[in-house]
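The structure appears right after this line, and notes come after that.
Laboratory data are not the source of any read-out in this text; all were calculated from the coordinates shown. In this text, all values refer to a predicted model and were calculated from it rather than measured experimentally. Cβ coordinates were reconstructed from backbone atoms using ideal geometry, including for glycine residues, and neighbour counts include every protein chain displayed.
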Amino acid sequence: MNFDYTDEQIMFRNMAREFAQREIAPVTTEDDRGGHFRREIIEKMGALGLCGAPIPREYGGLGTDYITYTLICEEIARVSASVFTTITVHVSTFQIAILLWGNEEQKRKYLPKATTGEMIGCFGLTEPNIGSDAANMETTARKDGKEWALDGNKMWITNGGVAGLAIVAAQTDKAKRHRGITSFLVEKGTPGFSSKDIENKLGLHACNTAELILQNCRVPEESILGQVGDGFKVMMSTLDCGRVSIASGSVGVAQASIDAATKYAQERIQFGKPIASFQLVQEMLVDMIVETEAARFLVHHAAFLKDKGEPFTREASIAKVFASDVAQRSAMKAIKVHGGYGYSGEYPVERYYRDAMAMVLYEGTTEIQKLVIGRETLGISAVS
Ligand SMILES: Cc1cc2nc3c(=O)[nH]c(=O)nc-3n(C[C@H](O)[C@H](O)[C@H](O)COP(=O)(O)OP(=O)(O)OC[C@H]3O[C@@H](n4cnc5c(N)ncnc54)[C@H](O)[C@@H]3O)c2cc1C
C-alpha cells in the first residue's frame, strides 16, 4: 500500500487549487448572492483540461486517473460547491456515461467539445413524481419509423438550462420495468425539447438547475446511448463514478469549513484570548479535522478501486454517505465557531452549510446509499 500522491497528482491538485483561488474565489460570494452561473469559468477550466480530466486524451481529456480527478474536485469545491457541482455532473455523470456506453461515433462527436468546455452536458434521471425509485420512471420513448418520440419531464437537472446535450432516460417498454429503460442523447434545439430553470434553491446558487420538458421530442435512432433496454445500467454504472466525485466535493466543503473556522478561531478574541485557546473550541476543530481526513481516505479508496478496474459500487456509496454527512457536520461546526457572525452572510460558512445540504441528496440520498451498501454486502439484487 502506498499513501504518497504521485508527482502528476500533486501537479493537477495544485493547478486546480491555483485556478480556484485565482478565477473562482473573487466572484464566489457575488455569484452566490446573485444566483449567477458564470459560463466563462467553465470555459477557462476547459482550456486547462479541467473539464475532462479522467477522459482519455484521444477524446480531448487529460487521461488522468480517478484519484487525480477527485483531488481536482476537492479543490474546486473547497472554493465553490456550485462550480464543483457543474463540473461533477458534466464530467463524472455526463461524459463518463458517453465514455462507458457510447459508440465510437458518439464519443468522437461529443467528448472533445465537452472536455474543452465548449459544450456543457447534463444527466436526466429524476422526474417530478419519481426520484429514488428510478426504475418506475414515467418518461416514455415511442418508436415511430426511424425516430423515437420522447415525452415526459425531468426534474432537478444540474446544468439542464445551460447544457448543449442531455442524457435522458426513458421507458421504452414499461412492462419490463428497469430492463425496459433506454438512454437517449438529446441535443439542445431539438424540437419538443425545452428547459425551465429552478429558482430559489437553498444553496448552490451559482449552479444551474432546471426542469427538462420533452413533448413529442423526436430523436434519431443514432441518439440511443448503449442499446435499447440498457438505460438503467447506463444510469446506475455512471452514478457509481458520480458518487465518488460527490464525496470528493463534500471533502472540499468540509476542508473549506476547517480553513474558515481555524482562521476565525485564531483571530477572534474573547475573555482576553483568541477563542482557539479554549479547549472546547479546539474540540470542534479537531472533530472536523478527524472526520474530514477519514472521508478523504474513503474517497481515495473508492477511486483507487475504480482505477484498478475492480468493483467499487459499495465503496462509492460508503464514501458518499460518510463524506456528505461530514461536509454538513463540518459546516455546522464552522458556523458554531463563528458564533453569531457565522449566522450572517459576512462569512462564507453559512454558504458551506446550505451547499453541503445538496450533497446528502443528489445522486442518491443518504438512505439510498445505505440501501446500496446493504445490498452489496448481502448480495441482494437492486431490482427484481
Ligand atoms: C441540487 C440538486 C441537483 C440535482 N441534480 C440532478 C441531476 O443532475 N440529475 C438527476 O437526474 N437528478 C438530480 N437531482 C435529483 C436528486 O438525485 C433527487 O432529488 C434524489 O435522488 C432524491 O429523489 P427525490 O427528490 O424524488 O426524493 P424521494 O425519492 O421522493 O425521497 C424522499 C425521501 O424519502 C427517502 N426514501 C425514498 N425511498 C426510500 C427507501 N426505499 N428507503 C428509505 N428511504 C427512502 C429519501 O431518502 C428521502 O429522504 C438533483 C437534486 C438536487 C437537490
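Remark: spin-label model distance LYS370-TYR343 equals 3.0 nm, labels positioned 7 Å along the Cα→Cβ axis.
Using R0 = 25 Å, the C-beta based FRET efficiency linking THR6 and GLU105 works out to 0.15.
Taking 0.36 nm per residue of separation and subtracting the Cα-Cα distance, full extension of the segment from GLU30 to GLN279 would add 86.1 nm. Calculated [222 nm] ellipticity per residue, helices only, for the chain: -16500 deg cm²/dmol; basis is -39500 (n - 2.57) per DSSP H run with n ≥ 4, divided by all residues, nearest 500. Evaluated with a Cβ-only charge set (Lys, Arg +1; Asp, Glu -1), the stretch 232-379 carries a dipole of roughly 80 debye about its Cα centre, given to the nearest 20.
What the phi angles of the stretch 14-27 give under the Karplus curve with 6.51, -1.76 and 1.60, with θ = phi - 60°, is a coupling list of 5, 4, 5, 4, 5, 4, 4, 5, 7, 9, 9, 3, x, 10 Hz, glycine and proline written as x.
Against the main long axis of the alpha-carbon atoms of the chain, helix 39-48 sits at an angle near 90°. Dipole magnitude for the stretch 150-219: computed about the Cα centre from +1 point charges on Lys and Arg Cβ and -1 point charges on Asp and Glu Cβ, it is near 320 debye.
With 20 Å bins beginning at zero, the pair-distance distribution over Cα atoms of the chain amounts to 30, 57, 12, 1 %. For the cross-link pairs LYS109/LYS306; LYS201/LYS233; LYS113/LYS146; LYS146/LYS188, the ones whose C-alpha atoms lie over 22 Å apart are LYS109/LYS306; LYS201/LYS233; LYS113/LYS146. Rounded to the nearest 0.05, the FRET efficiency derived from the C-beta distance between ALA382 and GLU58 at R0 = 35 Å is 0.60. Expressed as an acute angle from 0 to 90° and rounded to the nearest 10, what is the orientation of the C-alpha long axis of helix 313-337 relative to the principal long axis of the chain? Its long axis makes an angle of about 40 degrees. Diffusion coefficient of the stretch 7-120 by Stokes-Einstein, Kirkwood radius over Cα pairs, 4 °C, 1.567 mPa s: 93 µm²/s. Scattering from the stretch 233-378 was approximated by placing one identical point on each alpha carbon and applying the Debye formula without solvent; log10 I(q)/I(0) at 0.12, 0.15, 0.16, 0.20 1/Å stands at -0.51, -0.72, -0.79, -1.06. To the nearest 10 degrees, how steeply does helix 231-267 sit against the main Cα axis of the chain, on a 0 to 90 scale? Helix 231-267 and the main axis of the chain meet at about 20 degrees. With the charge dipole of the stretch 122-229 set up from +1 on Lys and Arg Cβ and -1 on Asp and Glu Cβ about the Cα centre, the Cα lying farthest toward the positive end among the listed residues GLY180, LEU202, LEU214 is that of GLY180. Between ALA175 and ASP151, take the C-beta separation as r, use R0 = 22 Å, and let me know the FRET efficiency to the nearest 0.05. That gives a FRET efficiency of 0.80. Of the residues PHE271, PHE304, PHE84, the one that moves most in a GNM of the chain with alpha-carbon contacts below 10 Å is PHE271. Placing +1 on the Cβ of every Lys and Arg and -1 on the Cβ of every Asp and Glu, with no other charges, gives the chain a dipole of roughly 400 debye about its Cα centre.
Using a Gaussian network model of the chain in which every pair of alpha carbons under 10 angstrom is joined by a spring, one finds that among LEU50, LEU202, LEU212 the greatest mean-square fluctuation is at LEU202.
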